[in-house]
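Each remark here refers to the structure printed beneath this line.
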Amino acid sequence: MPISKCPQKSEALWKAWDRKAQKNGLRHQVYAVNGDHYVGEWKDNMKHGKGTQIWKKKGAIYEGDWKFGKRDGYGTLSLPDQETGKYRRVYSGWWKGDKKSGYGIQFFGPKEYYEGEWCGNQRNGWGRMYYSNGDIFEGQWWNDKPDGEGMLRLKNGNRYEGYWQRGLKNGAGRFFHLDHGQLFEGFWVDDIAKCGTMIDFGRDEAPEPTQFPIPKVKILDPDGVLEEALAMFKKKEEQQGD
């Protein structure tokens, strides 16, 4: 008696294709519909591990770490230079959730860059900014601006040491006019010195000293007068804010 065998059930083609399309491990080149392409490691169809992404529209290149489809870890972002045609480094540092977070260096131009801490694509924490005009700021940042304690050293050697808010001098601080041999110590509001004292400081070594030294203060209690003036100013500011 003939024995009949049931034919094995064949797998649907789409399942085989889908299984082959699953991206895990190292892939040499994967293109997106918009022309972007990625070379590197995958996990569960997401960029994960080491890899290089190239965005066709802007020509940007990211080389570094990925985590579940987002830049996460250490990596470098580069853009094509319109003048030379070569790639120039824009940012090298740490990322989290596709944003600059942690320590990193951002290049704004050939002679202008920032090195320090980042959070959510903004300069936050301690950092040092080198400006194209030769000035250097070193101190605390918040929401991409100097905020907290910091020092601004100008190209000519003069410097400000004190407090900042929203990128402006605000609060107690000292300004060293080393070119003229003077020191101003006082209180600032939005980059304007409101009250303080000026004394000679290193006048003999200054390259352009003032014609005459600052005369000594003759009042009995100069510190008390300054404190009183500062208190009156703060009280006026509070009244205007109400």
Calculate, in whole percent, how much of the Cα-Cα pair population of region 160-201 lies beyond 14 Å.
-> 41
Mind listing P(r) for region 37-101? All alpha-carbon pairs, 5 Å bins, whole percents.
-> 4, 19, 27, 24, 15, 7, 3, 1, 0
How many Å² of accessible area per residue for region 112-173, probe 1.4 Å?
-> 49
Listed by chain and number, the aspartates and glutamates with an alpha carbon less than 16 angstrom from that of K43, same-chain partners under 8 positions apart left out, are D18, D65, D72
By a straight-distance test (C-alpha under 14 Å), which aspartates and glutamates pair with K216 as possible cross-link partners, with residues fewer than eight away in the same chain excluded?
-> D200
In whole percent, how big is the carbon plus sulfur part of the accessible area of region 46-133, probe 1.4 Å, protein atoms only?
-> 52
Using the 2.2 N^0.38 Å rule of thumb for compact globular proteins, work out how region 91-242 stacks up: its C-alpha Rg over that value, please.
-> 1.27
Sequence ranges 153-163, 113-123, ranked by mean other-Cβ count within 10 angstrom, highest first | 113-123, 153-163
What aspartates and glutamates sit close enough to K58 to cross-link, taking a C-alpha to C-alpha distance under 12 Å and skipping anything fewer than 8 places away on the same chain?
-> D36, D81
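Once you compute Rg and the Kirkwood Rh from C-alpha atoms, what is the Rg to Rh ratio for region 121-210?
The Rg/Rh ratio comes out at 1.01.
If packing is taken as the average number of other Cβ atoms within 10 Å across a peptide's residues, how do 42-48, 172-178, 29-35 rank, most packed first?
Final packing ranking: 172-178, 42-48, 29-35.
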Relative contact order (%) - region 88-208, alpha-carbon pairs under 8 angstrom, separation at least six = 12
Rg over Rh [alpha-carbon atoms, Kirkwood Rh] for region 37-161 | 1.06
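The values are calculated or read from the model by the stated rules, or taken from the named source; none is laboratory data. As the structure is a computational prediction, the values presented were derived from the model and not from experiment. Neighbour counts are summed over all protein chains in view; Cβ atoms, including those assigned to glycine, are modelled from backbone coordinates with ideal geometry. Ligands, DNA and RNA are excluded from the accessible area calculation, which covers all protein heavy atoms including side chains. Shrake-Rupley method; radii C 1.70, N 1.55, O 1.52, S 1.80 Å.
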